[in-house]
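Participant: Attaching a single structure in structure tokens format; questions to follow.
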Amino acid sequence: MTSKNINKPSSNGRFGKFGGKFVPETLMSSLKEIEEAFEKYSKDESFWEELTTLQNDFIGRPTPLYYAKNLSEKLNQRIWIKREDLAHTGAHKINNAIGQALLAKRIGKKRIIAETGAGQHGVATATACAMLNLECIVYMGEEDIKRQAPNIYRMEMLGAKVVPVTSGSRTLKDAVNEAIRDWVTNVENTYYIIGSAVGPHPYPYIVREFQSIIGIESRKQILDKTGSLPNYVLACVGGGSNAIGIFSGFIDDLDVSLIGIEASGEGIDTEKHAATLTKGTPGILHGSLSYVLQDSFGQIQEAHSISAGLDYPGVGPEHSNLKDIERAQYYSATDLKALEGFKLLSVEEGIIPALEPAHALGFLIDWSQEIPKDQSILFLLSGRGDKDMETVSKKMASL
Ligand SMILES: *Cc1c(COP(=O)(O)O)cnc(C)c1O
């Protein structure tokens, strides 16, 4: 294992004051089991060997670091793109899904459950389960099922069972609730693969460790190619797993600025956004204390973003801590800015980005003109945009 464990959470599962385990008592022993198993296998050579082989030969790692020449000229900066869009299944989510599926297998749990919003984590989990011969059940909000039909076919083709969730707003947060309910009932034989760096301890830590491969590779690649570290690392933030994966590679390099971009939907001052770190307050969602979008009673508010992957009213606890200690800065981009970023990368570089990282590109368009010229910027392209073509063309037609 090459990870440096730089920012290990405290023994009670906190990053600063954030994190913890706010769960029903029945889950405490299972969380403990996962925590102990991860501790054990993170020191086990054969576990990392198996994972590394799958990362290389199944996911296609290391993913390339690409110098975006046209975009760099256009924005007067030096822009390097970390290509997670080229990972198997088209996004970074597979890094975590395979890591946790391997862990579940070692623990001896053969029944896997997962939640999914747009279906990306569902597809990644179904893929990992097909390859590792595990049963796979994916909870998905009925509203999202309607919006993301191709991903339902993909999951079913991979042998997973997709269970529609009809409670609440019938979207991601309700799917997580339902997955937790299943887990409480079937905790003896079931492992819950959570899709982002969120949830009760030890999930935010485990997910970060499995995504840290992005940071480890990028740091080495940019040093090999330029001889120096970047001035900035830029990533989009939904639950925060792709961002924390790349940030973790640079967190000890205090000269490197870490920048996370959230979705501000129809505008940061409207009701329709998903900018949890920018506009939220500390509260509890899905088993952990972090910034959340909530009303004065602590009821969770609905998030909105054009990208399903950023449409979540919470965020991983480590990001909340990085914000409070000012090691990372968080900004936001609207739906419209994301579309601008989407178009820009497609036209300039011949790469169609997912709508999620398109938010970071949208932010980059304006921000790159405010900072000094010729900065070295490492941008994490977390996924490819095929899944978003319909959303984008409909939205563009409506403008
Ligand atoms: C799910 C997803 C995200 C958001 O999730 P994080 O946990 O914040 O990384 C970002 N980009 C893509 C392509 C996704 O599929």
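The values are calculated or read from the model by the stated rules, or taken from the named source; none is laboratory data. Everything quoted here is computed from the prediction, not taken from an experiment. Neighbour counts are summed over all protein chains in view; Cβ atoms, including those assigned to glycine, are modelled from backbone coordinates with ideal geometry. These area figures cover heavy atoms from the full protein model, side chains too; ligands, DNA and RNA do not enter into them. Shrake-Rupley method; radii C 1.70, N 1.55, O 1.52, S 1.80 Å.
Participant: For the chain, give me every cysteine whose Cβ has no other Cys Cβ within less than 4.7 Å, ordered by residue number.
Facilitator: Cys with no partner Cβ under 4.7 Å: C236.
Participant: Between exposed GluC sites (Glu not before Pro) in the chain, where DSSP calls loop and at most 12 other Cβ atoms lie within 10 Å, what's the longest gap?
Facilitator: 1-187
Participant: If we sort 52-59, 103-110 on the protection proxy, mean other Cβ atoms within 10 Å, highest first, what's the order?
Facilitator: Per-residue mean Cβ counts within 10 Å order the peptides as 103-110, 52-59.
Participant: Among DSSP bridges having both ends in segment 46-181, what percentage is antiparallel? Round to the nearest 5.
Facilitator: For segment 46-181, the DSSP antiparallel bridge percentage is about 20.
Participant: Restricting attention to segment 254-351, which chymotrypsin sites (Phe, Trp or Tyr not before Pro) occupy a DSSP loop and are surrounded by at most 14 other Cβ atoms within 10 Å?
Facilitator: Taking segment 254-351 and a limit of 14 other Cβ atoms within 10 Å, the loop chymotrypsin sites (Phe, Trp or Tyr not before Pro) found are F297.
Participant: By the scheme Lys and Arg +1, Asp and Glu -1, what is the net charge of all other residues having a beta-carbon under 15 Å from that of I284?
Facilitator: +3
Participant: Could you tell me what % of all Cα pairs in segment 95-170 have separations over 22 Å?
Facilitator: 19 percent
Participant: A further question follows. What net charge do the residues around N70 carry, taking every other residue with its C-beta under 11 Å from that of N70, with Lys and Arg at +1 and Asp and Glu at -1?
Facilitator: Residues near N70 contribute -1 overall.
Participant: Mind checking the per residue accessible area of the chain for me, 1.4 Å probe, whole number of Å²?
Facilitator: Per residue, the chain has 39 Å² of solvent-accessible surface.
Participant: I'd like the antiparallel share, as a percent to the nearest 5, of DSSP beta bridges with both residues in the chain.
Facilitator: The antiparallel fraction comes to roughly 30 percent.
Participant: Could I ask something else about it? Can you compute the equivalent ellipsoid semi-axes for the chain, i.e. the square root of 5 times each eigenvalue of the Cα gyration tensor, sorted largest first and rounded to whole Å?
Facilitator: Over the Cα atoms of the chain, the ellipsoid semi-axes are 29, 24, 21 Å.
Participant: Please list H88, H359, H304 from largest to smallest accessible area, probe radius 1.4 Å, with all protein chains kept in place.
Facilitator: H88, H304, H359
Participant: Another question about this same structure. For A274, enumerate residues with amide H under 5 Å from its amide H, sequence gap 5+ or separate chain, H modeled in the peptide plane.
Facilitator: Sorted by chain and number, the residues that satisfy this are A263, S264, G265, H304.
Participant: Cα convex hull of segment 249-380: how many Å³ per residue?
Facilitator: Per-residue hull volume (Cα only) is 122 Å³.
Participant: Here is a follow-up. Pairs K69/K394; K8/K161; K40/K161; K93/K323; K8/K343: which are spaced more than 28 Å apart, C-alpha to C-alpha?
Facilitator: Check vs 28 Å cut-off fails for K69/K394; K8/K161; K40/K161; K8/K343.
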